[in-house]
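One structure is given below, encoded as structure tokens.
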Amino acid sequence: MTAPSPFQHAAVLPLPRWVLGPGSISSLPSELALLRIARPLLLSDVGLERAGVLTTVAAFLPASSARYLLASEDPTCLDADQAFAIYREAGCDGIVAVGGGSVIDTAKILAALTQAPTAGARGLLGRPELIGPGVALLLAVPTTIGTGSESSPATGLHPDENTRAIGTRSPFLVPRSVVSDPMLVRSLPQRLIAATGMDALAHCLEGYLADPPHPLVDAIALDGLARAYRNVYAALRRESDDARQELMVASFAGGVAIHKGLGPAHAVALACGDQRLHHGMLVAAALPWAMEIAAAKVPAKSDRMAQALQLNSRFDLAPALRALNVSLGLPSHLGRAGYRVSDPDELVQAMASSPFNRSAAYAPTIGEYRAMADTLLF
């Protein structure tokens, strides 16, 4: 019998149509027409409404569109259930998600609810077998520059306000179309540019490291990694539309990399995701520690990443990432950033048992996670 290809499990790579560039939001009507969406539900958040972004987007939507706005940066299953109620009552036939990862992730669960309505949002979390090809058509308009949710098969949603997000992966959750317009992120606060930009970098880095290898995904991940590293600091300047567009490319690349999986920096962020600290900030703080381990345990891939970033050695990766975090004003210590540990053993166990360890090229031991917690949290 012929041995299976190491690429076999990742051979199917569903990707959305992608429109990129300044002013590309004007392509929204034609993208909706291609998808045959006549009455979309606009899913977004109140912050984007206040910033005027929704006024810009709504000009390109049908007048009959319905709307649901998230009030929190950390939406829960209740939001998805309420959005689905409006979707059904308004007779919608598709979703336009305008926002960052929280909005797009909620839209993915909403899309899945249309083909499994009795499950409720909570019943879909962690249950990919309930998600099939009948999900609602989803068009994503990212307004941050790093979550990668616009091109990934993954979503994460909090069951309620005081619990960690639960992840769900399905190829049917990948949006059908994406419009990435850097003009829509001009009003993004610097703290969110920094945090989401580092999240894009982390997706590319940990996705590249994930096993098994995939030649196409790995090439895209390396390209996105270099773009994020070169441009995240420049993107802090309001006039740097080119840098922000480069980060939108890195974000899309990071979403593609998520098809392979992620690693320990995301295991840390997921475990610490119960206290309303920004996910990208959590990932950025953990990433240098994760790269110290990777440099020792995964030398060949780490060497390739160092080359992509034009560093001298794989052992320069962790110091370079720490220096980048400092330049972006991101915290290096999560305890001083406000994270409070109530049960250290439970937290470390949550890191070590995270599903992100299953795809990591090297999964840290529980002792290594404990040492990381001592460094970053106490």
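The values are calculated or read from the model by the stated rules, or taken from the named source; none is laboratory data. Predicted model, so just to flag it, every value in this text is computed and none were measured. Here the Cβ positions follow ideal geometry from the backbone for every residue, glycine too, while neighbour counts run over all protein chains shown. To get the accessible areas, we keep the full protein, side chains included, count just its heavy atoms, and leave off ligands, DNA and RNA. Shrake-Rupley method; radii C 1.70, N 1.55, O 1.52, S 1.80 Å.
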Before rounding to the nearest 500, sum -39500 (n - 2.57) across all DSSP H runs of length at least 4 in the chain and divide by the residue total; then give [θ] at 222 nm in deg cm²/dmol.
-14000 deg cm²/dmol
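Rounded, prolate or oblate: which fits the stretch 199-290, taking a ≥ b ≥ c as square roots of the Cα gyration tensor eigenvalues, rounded meaning a/c under 1.5, else prolate when a/b beats b/c?
It comes out oblate by the Cα gyration axes.
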In the stretch 194-275, the GluC sites (Glu not before Pro) that sit in a DSSP loop and have at most 11 other Cβ atoms within 10 Å of their own Cβ are 239
Out of the total accessible area of the chain (probe 1.4 Å, heavy atoms of protein only), what percent is carbon and sulfur?
55
When the distances between all Cα atoms of the chain are binned every 10 Å from zero, what whole-number percent does each bin get?
5, 26, 35, 25, 8, 1, 0
Any chance you could check the Cα centroid distance between the stretch 10-84 and the stretch 202-276 for me, in angstrom?
22
Taking Cα atoms only, helix 215-231 is inclined relative to the longest principal axis of the chain by an angle, in degrees rounded to 10, of 90
How large is the convex hull of the C-alpha atoms of the stretch 120-226 per residue, in Å³?
143
By how many degrees, 0 to 90 and rounded to 10, does the Cα axis of helix 299-308 deviate from the longest principal axis of the chain?
60
Diffusion coefficient in µm²/s returned for the stretch 265-309 by Stokes-Einstein, Kirkwood Rh over C-alpha pairs, 10 °C and 1.306 mPa s, is 139
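Counting heavy atoms of the protein chains only and a 1.4 Å probe, report the per residue accessible area for the chain as a whole number of Å².
40
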Lys and Arg at +1, Asp and Glu at -1: add these up for the other residues within a Cβ distance under 13 Å of residue 242 and post the number.
+3
Taking the Cα centroid of the stretch 148-183 and of the stretch 322-378, what is the distance between the two, rounded to the nearest whole Å?
22
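Is the stretch 85-140 best put as rounded, prolate or oblate by its Cα gyration tensor, with a ≥ b ≥ c the root eigenvalues, rounded for a/c under 1.5, and otherwise prolate when a/b is larger than b/c, oblate when not?
oblate
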To the nearest 10 degrees, how steep is helix 190-209 against the longest Cα principal axis of the chain, on a 0 to 90 scale?
70
Considering only the other residues whose Cβ falls under 13 Å of the Cβ of residue 261, what net charge follows from Lys and Arg at +1 and Asp and Glu at -1?
0
Explain nothing, just compute: Karplus ³J(HN,Hα) = 6.51 cos²θ - 1.76 cosθ + 1.60, θ = phi - 60°, for every residue of the stretch 136-143 in order, whole Hz, x for Gly and Pro.
5, 5, 10, 10, 10, 10, x, 10
First check a/c for the stretch 10-117, with a ≥ b ≥ c the square roots of the eigenvalues of its C-alpha gyration tensor; if it is under 1.5, answer rounded, and if not, answer prolate when a/b is larger than b/c or oblate otherwise.
rounded
Residue 158 accessible area, nearest 10 Å², 1.4 Å probe?
30
In the chain, what % of DSSP beta bridges are antiparallel (nearest 5)?
15
With a cap of 16 neighbouring Cβ atoms within 10 Å, and only residues DSSP puts in a loop, list the trypsin sites (Lys or Arg not before Pro) found in the stretch 205-253.
237, 238
What residues have an amide H closer than 5 Å to that of residue 114, excluding those fewer than 5 places away on the same chain, when H is modeled at 1.01 Å from N in the peptide plane?
136
Cβ-based net charge around residue 333, under 15 Å, with every Lys or Arg adding one and every Asp or Glu removing one:
+2
